[in-house]
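Report on the following structure.
Nothing in this text is a laboratory measurement; each read-out follows from the coordinates by a stated rule. This is a predicted model, so every value here is computed, not measured. Note that each Cβ is placed from the backbone with ideal geometry, even for glycine, and that neighbours are counted across all protein chains shown.
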Amino acid sequence: MSVQQLSAAVERFGVTIERPVLSNLENGRRSTVSVAEWLVLSAALGVPPLLMLFPVGRVPAIEPLPDREMTPWTALRWALTGQPQVSGTTEVSTEDAGLIEHFRVQQDLIEEWARMGAAVRGARDRGGNPAGIEDLERRQVQAVDALCTVRQLVRQSGLTPLGLPAGLSYLDEDAAT
């Protein structure tokens with residue numbers, strides 16, 4: 001993509017980054033990027049934002065902090081969870097690291113619930129084995145039960161759980177009572 005094309009792509013997101021600024025970034029004459037610029041460049045280039053910072057599989061090592069070289073994968077894990085501990089940084093509280101995990105688990109359980117629901121509908125449409133359908137339904141209920149538990153832990157920490165799809169919105173109504 002040319003600098004002109006990138007400038008035009010960025011503008012489609014309602015942000016102006018002039019061609020000379022982009023050229024300076026590309027040539028290393030500008031070494032900083034604001035968070036807003038980073039995110040809009042990521043969107044315009046079609047690259048996940050974290051892969052722009054941590055180019056996993058593309059380079060052998062990066063320096064996410066001054067004088068702290070590591071693999072992009074290690075740096076990405078550190079950015080997401082605070083683990084592994086990076087030399088010279090303040091240790092991440094286990095509570096904070098656990099909360100990040102709670103949000104990941106919520107998303108996984110919501111996706112599992114949706115997959116099981118689609119599998120149940122597909123099996124019914126095909127006239128599938130009742131025992132197989134029952135097993136899928138049981139797995140879907142288990143996902144919802146686990147989701148309720150994790151969302152309760154998030155609320156007990158004073159945080160707001162992830163938003164729910166329409167088919168699970170009743171869980172928030174139940175939690176409010």
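At a glance:
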quantity: Over the range 1-87, relative contact order from alpha-carbon pairs under 8 Å, at least 6 apart, %; calculated: 17
quantity: Theoretical gain in end-to-end length, Asp108 to Asn129 [0.36 nm per residue, Cα-Cα removed]; calculated: 4.9 nm
quantity: About the Cα centre, charge dipole magnitude for the range 94-176 (Lys/Arg +1, Asp/Glu -1 at Cβ), debye; calculated: 300
quantity: Highest-MSF residue in the chain out of Val141, Val56, Val35 [GNM, Cα springs under 10 Å]; calculated: Val35
quantity: DSSP loop trypsin sites (Lys or Arg not before Pro) with at most 10 other Cβ within 10 Å: longest gap in the chain; calculated: 59-125
quantity: Mean separation of Cα contacts under 8 Å, 6 or more apart, over the residue count of the chain: relative contact order %; calculated: 12
quantity: Relative contact order, percent, the range 94-176 [alpha-carbon distance under 8 Å, six or more residues apart]; calculated: 38
quantity: Computed helical MRE - 222 nm, the chain, DSSP H runs ≥ 4 contributing -39500 (n - 2.57), nearest 500; calculated: -19500 deg cm²/dmol
quantity: Backbone HN-Hα couplings from phi across the range 75-86 [Karplus 6.51/-1.76/1.60, Hz, Gly and Pro as x]; calculated: 5, 5, 4, 4, 5, 7, 10, x, 10, x, 4, 8
quantity: Choice from Ile110, Ile62, Ile133 showing the highest fluctuation, given a GNM over the chain with Cα pairs closer than 10 Å; calculated: Ile133
quantity: Leu162-Ser31 pseudo-label distance in nm [points 7 Å out on the Cα-to-Cβ vector]; calculated: 3.8
quantity: Charge dipole magnitude, Cβ of K and R +1, D and E -1 - the range 1-53, Cα centre, debye nearest 20; calculated: 60
quantity: Which of Pro20, Val141, Leu168, positive extreme of dipole for the chain (C-beta unit charges); calculated: Pro20
